[in-house]
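The values are calculated or read from the model by the stated rules, or taken from the named source; none is laboratory data. Quick caveat, the model's predicted, so the values are computed rather than measured. Positions of Cβ are backbone-derived with ideal geometry, glycine not excepted, and every protein chain shown enters the neighbour counts.
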Amino acid sequence: MNPALQKLGYDPVGDFEPIGLVGSSPTLMVVHPSVSAPGVQELVSELKAKPGSLVYASAGDGTPPHFAAALFLLGSGADMASVKFDGAAPAIADVVSGRTQVMFPSLFTAHPFVHSGQLRAMGVAGTSRLPSLPALPTLAEGGIDGVDVTQWYGLFAPAHTPSATLAKLNQALNDALADAAVVAQFENHGARVEPGTPDALRIKVDNDLSRWRTLVAQGALGLTDVIAEG
């Protein structure tokens, strides 16, 4: 996402060789328990009646929580102020404290806080409900279309790493992801393993980069101010 938003000091494609996808975690919309709206539509109504009355925490420009929030505001026509943090950990800690009230973290990040009741999940920013939270509707079910953000994790090596080395690393990675204890650990924390080939990861990078660059270039995410800053 970040390379789609601003110029970086490296080439996110040319400077790396993909080893393999590790896994993925869906994105949630979560709120502090002090937010009274029981559902997404009620929250949108509140935001439209009182624009900027709630503040969402961002993990920084060009991060999944940032893009998911932008898609939500685009799809709902609502307005929220934002506070930027250097990463998801300090961002979600601020929502837990109540200083900010809304965030779009991965389930991996949000899981312990939702489980403990420190945060309340409002919807899934994806195309389907989650087996671990079957009663939680998608944002599309709540009337907000277009918010589809999955956070994935992969391993990469420096460019020009020999193909034989990449193959060995990929095999070691997939062997680890086949371990039942590793699979269980991922699932217990709101993620899932996704073993695969280096080419599969390369295709995912290319497709995602194309998707986000197109949306940013079209102005669909309302992020032209960030592009200018970048």
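Within the stretch 137-179, which residues are in a strand (DSSP E or B) and either modelled with pLDDT of 95 or more or of a type in the set (Phe, Trp, Tyr) (or both)? Once the filter is applied, which keeps residues that are in a strand (DSSP E or B) and either modelled with pLDDT of 95 or more or of a type in the set (Phe, Trp, Tyr) (or both), the stretch 137-179 yields Thr138, Trp152, Tyr153, Gly154, Leu155, Phe156, Ala157, Pro158.
Looking only at residues of the stretch 53-77 that are closer than 23 Å to Pro38 by Cβ and surrounded by 22 or more Cβ atoms within 10 Å (Cβ to Cβ), we find that the one that is farthest from the chain's Cα centre (by Cα) is Ser76. Under the condition of being over 15 Å from the mean Cα position of the chain (by Cα) and closer than 22 Å to Gly23 by Cβ, the residues counted in the stretch 92-118 number 4. Residue pairs whose Cβ atoms lie under 7 Å apart, separated by 6 or more positions or on different chains, with the first residue in the stretch 169-184 and in contact (Cβ under 8 Å) with a residue 24 or more places away in the chain and the second surrounded by 15 or more Cβ atoms within 10 Å (Cβ to Cβ) and part of a helix (DSSP H, G or I), are Asn170/Pro198.
In the list Gly117, Gly98, which residue meets the criterion of being over 22 Å from Gly142 (Cβ atoms), in contact (Cβ under 8 Å) with a residue 12 or more places away in the chain and surrounded by fewer than 24 Cβ atoms within 10 Å (Cβ to Cβ)? Just a single option satisfies the conditions, and that option is Gly98. A Cβ distance below 8 Å, combined with a sequence gap of six or more or placement on separate chains, defines the contacts here; from the stretch 129-151, residues that are within 24 Å of Leu215 (Cβ to Cβ) and free of Cβ contacts under 8 Å to residues at least 12 places away in the same chain reach no residue that is of a type outside the set (Lys, Arg) and surrounded by 17 or more Cβ atoms within 10 Å (Cβ to Cβ). Select from the stretch 115-136 the residues that are outside any loop (DSSP other than H, G, I, E, B) and at pLDDT 95 or above and write down the one among them that is farthest from Pro33 (Cα to Cα). Residue satisfying both the conditions and the ranking: Val124. When Val83 is tested against the conditions (1) surrounded by fewer than 17 Cβ atoms within 10 Å (Cβ to Cβ); (2) part of a loop (DSSP other than H, G, I, E, B); (3) of a type in the set (Val, Ile, Thr), the lone failure is (2). Of the residues making up the stretch 8-23, those that are surrounded by 13 or more Cβ atoms within 10 Å (Cβ to Cβ) and either farther than 24 Å from Asn174 by Cα or within 21 Å of the chain's Cα centre (by Cα) (or both) are Pro12, Val13, Pro18, Gly20, Leu21, Val22, Gly23.
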